[in-house]
Every structure is written in C-alpha cells, then in structure tokens.
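Shown next, in structure tokens, is the structure this report addresses.
The values are calculated or read from the model by the stated rules, or taken from the named source; none is laboratory data. Quick caveat: nothing in here was measured; it's all calculated off a predicted structure. Glycine also receives a Cβ, built like all others from the backbone with ideal geometry; neighbour counts cover every protein chain displayed.
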Amino acid sequence: MLNSKQRAALRGAANTLDPVFQIGKGEIDETLIQGVGDCLAARELIKVKVLENSEYSAKEAANILAEALSADCVQVIGRKFVLFKQKPKESAFAALLAK
C-alpha cells in the first residue's frame, strides 16, 4: 500500500509515460491480465488506456487489474490509469519511494 507522498512521486514519474495497453470492448480476461502482469514485472510503472467502446470505466478496470495482480493503482484520470508493482530486487523506484 502506498502513502500519499509515494503516490504523488509515482504520479510525477508517470506523467510522461505513454499508455502501453488499451482495454477495448472485450472483457478483462486472463490473457490481458497476464500481459499487464508481464509488463508490470518488467517496467514496474505503466499507464493503461480504456477505450470509449469498453464496457468498463477506467476506475473499474484499474481496480480489477490491481486486485488481480496485487498491484497499486496510482491514479485514474479520464480514460487512463496508472498501475505500480515494485520489484522485490533492484527496483528503479526504490529511491523515489524511500522518501
């Protein structure tokens, strides 16, 4: 669980990120969850976009993915959201989160 200072630091780091995944009219299935999980394992901090034709709102999709992957939802703005899952070793965000 992130505190507000950590969340603010991660929001700043995610500001320049482009969305790596798009959620469309299909359901959030195991394939999507596995893909997002693999991406989180490699990058730790990712941005995801929910398309207008999706049956999910950005907040719903963020909560589903965060719960399924044991990740933290950093922020939801409009149709985009940011997920974070820290690596157990050699985290690129360890110094940022130590503050």
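Structure data summary
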{"read-out": "Among (1) in contact (Cβ under 8 Å) with a residue 12 or more places away in the chain; (2) over 13 Å from Leu17 (Cβ atoms); (3) in contact with a strand residue (DSSP E or B) (Cβ under 8 Å, 6 or more places away or on another chain); (4) surrounded by fewer than 19 Cβ atoms within 10 Å (Cβ to Cβ), the one test that Ser57 misses", "value": "(1)"}
{"read-out": "Per-region count, segment 37-48, residues more than 8 Å from the chain's Cα centre (by Cα) and in a helix (DSSP H, G or I)", "value": "6"}
{"read-out": "Selection within segment 11-32 - in contact with a helix residue (DSSP H, G or I) (Cβ under 7 Å, 6 or more places away or on another chain) and under 18 Å from Arg79 (Cα atoms)", "value": "Val20, Phe21, Ile23, Ile28"}
{"read-out": "Near pairs, Cβ below 9 angstrom, 6+ apart or cross-chain, from segment 8-23 (touching a residue at least 24 places away in the same chain (Cβ under 8 Å)) to any residue that is loosely packed, with under 14 Cβ neighbours inside 10 Å and among the hydrophobic types (A, V, I, L, M, F, W, C)", "value": "Gln22/Leu51; Ile23/Leu51"}
{"read-out": "Any hit, segment 84-92, residues being assigned to a strand (DSSP E or B), closer than 16 Å to Pro19 by Cβ and without any contact (Cβ under 8 Å) to a residue 24 or more places away in the chain", "value": "no"}
{"read-out": "Test: residue in segment 80-90 that is more than 23 Å from Asn3 (Cβ to Cβ), modelled with pLDDT of 95 or more and surrounded by 15 or more Cβ atoms within 10 Å (Cβ to Cβ)", "value": "no"}
{"read-out": "Total residues in segment 17-34, condition within 13 Å of Phe81 (Cα to Cα), part of a loop (DSSP other than H, G, I, E, B) and not acidic (Asp, Glu)", "value": "3"}
